[in-house]
Amino acid sequence: MNQPPVRDDGLQIEEHRTFQESFWRAERVSWVIFGLMLIAALLGITGSGGLLERQIITVADGSVDVPRFSRWEASDVLQATLAGGGAERRLTLSPEFFRTFQVEDIDPPPIAAEGGG
C-alpha cells in the first residue's frame, strides 16, 4: 500500500493545500453573496415587504403608490390618490402597462372607463 510521506510537523497525511485554499476562498465569496441577497430581500427587493417594496410617485393632482418590484403572476395593488374637487380627473395607463399587467378591480368604481388602441 502506498503511504503518504511524513510532513515537517510530524503528520502523515496527504493534503491538497492549494485546492483547499481556493475552496475556502470560493466559500467566503459565496457567503458574502448570500448575505447581500438576504439584506436585499429584507429591504424589499423581492417585492414582499421591506423599506424598498413600494414607491410613491407624485403628480400634479395627486399621487400614485406602486410596488417597485412585482412578482410574476402575483397580485399587487396600485393605489392612485387624486385631488378632490368638482373638476373631472383622469388616470391614464399606457399600453406598455397592459402588456405586463392586468387590471382586475377598481375601487371605488369610476364613473366611466375607456379602452384605447
Quiz item: Applying the selection to region 10-40, what residues are in a helix (DSSP H, G or I), open to solvent by 90 Å² or more (accessible area, probe 1.4 Å), over 30 Å from Pro67 (Cα atoms) and not aromatic (Phe, Trp, Tyr)?
Solution: Arg17, Thr18, Arg25, Arg28
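Of the residues that sit in region 76-86 and are in a loop (DSSP other than H, G, I, E, B) and under 17 Å from Phe97 (Cβ atoms), which one is most open to solvent (accessible area, probe 1.4 Å)? Lay out the reasoning, then the answer.
Kept after step one, since they are in a loop (DSSP other than H, G, I, E, B), are these residues of region 76-86: 76-78, 83-86.
Checking which are under 17 Å from Phe97 (Cβ atoms) leaves us with 76-78.
Values: Asp76: 72, Val77: 94, Leu78: 71 Å².
Per the stated criteria, the residue is Val77.
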Practice problem: Sort out which residues of region 99-117 are open to solvent by 100 Å² or more (accessible area, probe 1.4 Å), part of a loop (DSSP other than H, G, I, E, B) and either farther than 18 Å from Gln79 by Cβ or touching a strand residue (DSSP E or B) at 6+ places or on another chain (Cβ under 6 Å) (or both), and write them in order of number. | Solution: Ile111, Glu114, Gly117
Quiz prompt | Filter result for Trp72 (free of Cβ contacts under 8 Å to residues at least 24 places away in the same chain, more than 30 Å from Gly116 (Cα to Cα) and hydrophobic (A, V, I, L, M, F, W, C)) | solution = no
Exercise. Looking at (1) touching a Gly at 6+ places or on another chain (Cβ under 8 Å); (2) exposed (fewer than 10 other Cβ atoms within 10 Å of the Cβ), find the lone condition where Asn2 falls short.
Key: (1)
Exercise. From Leu93, Leu82, grab the single residue that is touching a strand residue (DSSP E or B) at 6+ places or on another chain (Cβ under 7 Å) and either within 25 Å of Ala113 (Cα to Cα) or not hydrophobic (A, V, I, L, M, F, W, C) (or both).
Key: Leu82
Exercise. Output the qualifying pairs, or none if there are none: Cβ atoms under 8 angstrom, residues six or more apart or on different chains, first residue in region 82-105 and in contact (Cβ under 8 Å) with a residue 12 or more places away in the chain and within 13 Å of Val64 (Cβ to Cβ), second residue open to solvent by 70 Å² or more (accessible area, probe 1.4 Å) and in a loop (DSSP other than H, G, I, E, B).
Key: Leu82/Asp61; Leu82/Arg89; Leu82/Leu91; Ala83/Asp61; Ala83/Arg89; Arg89/Asp61
Quiz prompt | Restricting region 41-75 to residues that are open to solvent by less than 70 Å² (accessible area, probe 1.4 Å) and acidic (Asp, Glu), the residue that is farthest from Asp105 (Cα to Cα) | solution = Glu53
Exercise. Quick one: count up the residues across region 31-63 that are of a type in the set (A, V, I, L, M) and more than 18 Å from Asp76 (Cβ to Cβ).
Key: 10
Exercise. Evaluate region 7-24: report whether one residue or more is within 30 Å of Val103 (Cα to Cα), of a type in the set (Ser, Thr, Tyr) and without any contact (Cβ under 8 Å) to a residue 12 or more places away in the chain.
Key: no
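The values are calculated or read from the model by the stated rules, or taken from the named source; none is laboratory data. Computed from a predicted structure; not experimentally measured. Methodologically, a virtual Cβ is constructed for each residue, glycine included, from the backbone with ideal geometry; neighbour enumeration extends over all protein chains shown. Note: areas computed on protein heavy atoms with side chains; ligands, DNA, RNA excluded. Shrake-Rupley method; radii C 1.70, N 1.55, O 1.52, S 1.80 Å.
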